[in-house]
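The values are calculated or read from the model by the stated rules, or taken from the named source; none is laboratory data. Every value quoted in this text rests on a predicted model; they were computed, and no experiment measured them. Glycine also receives a Cβ, built like all others from the backbone with ideal geometry; neighbour counts cover every protein chain displayed.
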Amino acid sequence: MRDMDIALSQCFIAVDDHDKALAFYRDALGLEVRNDVGFEGMRWVTVGSPAQPDVEIVLEPPLADPHAPEADRRAMAELMAKGLLRGVIFRTDDVDAAFERIRAAGGDVVQEPMDQPYGVRDCAFRDPAGNMLRFTQPRRG
């Protein structure tokens, strides 16, 4: 039996305003826009780090079904408002510099940079839709 090569290609983050999300992920985080597609009144925007051309984050509608019941739409909106949907952890070589850049761009600070007992220094922000984004670097020495 041969080993399989498996690598991450895409992950998804629900956003309720693609223009605000795009401004945050592109302008504050420095990710590049790779695709921007509309379909049946919905929009998907794909962004990614220039350092990882094979990995993408898809900024998707909260409920990617134009025929979903109103109760489902309300439930998703409530979960999003509470920040209980998806999140992403980014790796950086300098978490303190990343924190200052994102905060200066208007990022919603959840946690300032701190050393964690599990071997990283990290900080956290919420994107405009309320999703949790963490930025980590391995602790030095």
Residue in segment 121-140 that is of a type in the set (A, V, I, L, M, F, W, C), in a loop (DSSP other than H, G, I, E, B), out of contact with any Lys or Arg (no Cβ under 9 Å at 6 or more places or on another chain) and within 30 Å of Gly41 (Cβ to Cβ) present: no
Selection count where residues are outside any loop (DSSP other than H, G, I, E, B) and hydroxyl-bearing (Ser, Thr, Tyr), scope segment 2-28: 1
Residues (surrounded by 12 or more Cβ atoms within 10 Å (Cβ to Cβ) and outside any loop (DSSP other than H, G, I, E, B)) located in segment 74-87: Ala75, Met76, Ala77, Leu79, Met80, Ala81, Gly87
Residues satisfying the stated conditions in segment 105-137, i.e. of a type in the set (D, E, K, R) and within 25 Å of Met76 (Cα to Cα): Asp108, Arg126, Asp127, Arg134
Any hit, segment 74-84, residues being touching a Phe, Trp or Tyr at 6+ places or on another chain (Cβ under 9 Å) and under 29 Å from Glu100 (Cβ atoms): no
Residues satisfying the stated conditions in segment 18-45, i.e. under 16 Å from Ala129 (Cβ atoms), surrounded by 13 or more Cβ atoms within 10 Å (Cβ to Cβ) and out of contact with any helix residue (DSSP H, G or I) (no Cβ under 6 Å at 6 or more places or on another chain): His18, Lys20, Ala21, Leu22, Ala23, Phe24, Tyr25, Arg26, Leu29, Met42, Trp44
Tabulated pairs, segment 77-102, first in contact (Cβ under 8 Å) with a residue 60 or more places away in the chain, second surrounded by 14 or more Cβ atoms within 10 Å (Cβ to Cβ) and part of a helix (DSSP H, G or I), C-beta under 7 angstrom, 6+ apart or interchain: Leu85/Leu79; Ile102/Ala28
Sole residue being touching a residue at least 24 places away in the same chain (Cβ under 8 Å) and acidic (Asp, Glu), chosen from Asp19, Asp127: Asp127
Verdict on Phe90 being assigned to a helix (DSSP H, G or I) and either of a type outside the set (Ser, Thr, Tyr) or under 15 Å from Asp127 (Cβ atoms) (or both): no
Which listed residue is under 13 Å from the mean Cα position of the chain (by Cα) and at pLDDT 90 or above, from Val37, Val15: Val15
All positions within segment 88-129 that are more than 23 Å from Val55 (Cβ to Cβ), out of contact with any Asp or Glu (no Cβ under 8 Å at 6 or more places or on another chain) and surrounded by 15 or more Cβ atoms within 10 Å (Cβ to Cβ): Arg103
